[in-house]
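This report refers to the structure that appears directly beneath it.
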Amino acid sequence: MTQHKLPLSNITVIALEQAVAAPFCSSRLADAGAHVIKVERPEGDFARGYDAAAKGQSSYFVWLNRSKESLTLDLKSKKGHEIFMRLVKESDVIIENMSEGTANRLKVGYEDMAQVNPRLVYASISAFGEPSVYPNLKGMDIMVQALSGLMEVTGFADGPPTRVGIPIADMVTPLYAVNGILAALIQRGRTGEGQHVKVSMLDCLA
């Protein structure tokens, strides 16, 4: 199937993403034909450095970000924010997995973006939900595996709690996010209005 005939070929996605969960979500949409613009911090997505020898192009990063365009913006600067606003006006979806409160501080949270583009579907992926029930914990996959109870039922009955060998929370959660985004796009087709899709890793894994 050619690119322009894929089901999401008319959808533009802005991805304010880093690490695994949000990039895996946007890569699913890109595979379905969406035009995905990955917006990175000036220092870049830290997944670029998962393999130091790869010089910013780790295999993990390449796998998660294939079929995307990449743009570096400093959203703290006036110029960077203005460029981002221009993108938002022409986009259909925003995906973000910033730490809690960061999007609102940078004035790129859902409420601000909905005023710029009321048709926007805005998807937030967090570790523990917002507000976080564990505000002092980093949103790492291993933390989510432990708190969800998954590690208690993995391994041997007479052994200690055991981590699943792959970052399962980082990989399951984006699939729920994709479902929510697609449902919101269908609803937008009926009503003309976007909405805020919220997905937490802990909810999905539990």
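The values are calculated or read from the model by the stated rules, or taken from the named source; none is laboratory data. Computed from a prediction, not measured in an experiment: that's the story for all the values here. With ideal geometry, Cβ positions are generated from the backbone for all residues, glycine too; neighbour counts draw on all protein chains shown. Protein only, heavy atoms only, side chains kept; ligands, DNA and RNA dropped before computing areas. Shrake-Rupley method; radii C 1.70, N 1.55, O 1.52, S 1.80 Å.
Summary table
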| item | result |
| --- | --- |
| Enumerated helices (runs of 4 or more DSSP H) restricted to region 81-199, each holding at least 3 residues that are open to solvent by less than 20 Å² (accessible area, probe 1.4 Å) and either of a type in the set (S, T, N, Q) or in contact with a Gly (Cβ under 6 Å, 6 or more places away or on another chain) (or both) | none |
| Conditions (1) in a helix (DSSP H, G or I); (2) aliphatic (A, V, I, L, M); (3) over 16 Å from Cys25 (Cβ atoms): number failed by Leu71 | (1) |
| Top-ranked residue of region 18-38 - restricted to ones that are in contact with a strand residue (DSSP E or B) (Cβ under 7 Å, 6 or more places away or on another chain) and open to solvent by 10 Å² or more (accessible area, probe 1.4 Å), ranked as nearest to Asn97 (Cα to Cα) | Ile37 |
| Flag if Gly44 is surrounded by fewer than 16 Cβ atoms within 10 Å (Cβ to Cβ), modelled with pLDDT under 90, in contact with a helix residue (DSSP H, G or I) (Cβ under 6 Å, 6 or more places away or on another chain) and more than 27 Å from Asp203 (Cβ to Cβ) | no |
| Where a residue in region 91-113 is without any contact (Cβ under 8 Å) to a residue 40 or more places away in the chain and its partner, wherever it lies, is polar (S, T, N, Q) and outside any strand (DSSP E or B), with Cβ under 9 Å and at least six apart | Glu100/Ser132; Gly109/Thr102; Glu111/Asn104; Asp112/Asn104 |
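Residue by residue, here is whether (1) in contact with a strand residue (DSSP E or B) (Cβ under 9 Å, 6 or more places away or on another chain); (2) farther than 27 Å from Ser27 by Cα holds:
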| site | (1), (2) |
| --- | --- |
| Asn136 | no, yes |
| Ala146 | no, no |
| Gly149 | no, yes |
| Val153 | no, yes |
| Phe156 | no, yes |
| Gly159 | no, yes |
| Met171 | no, no |
| Pro174 | yes, no |
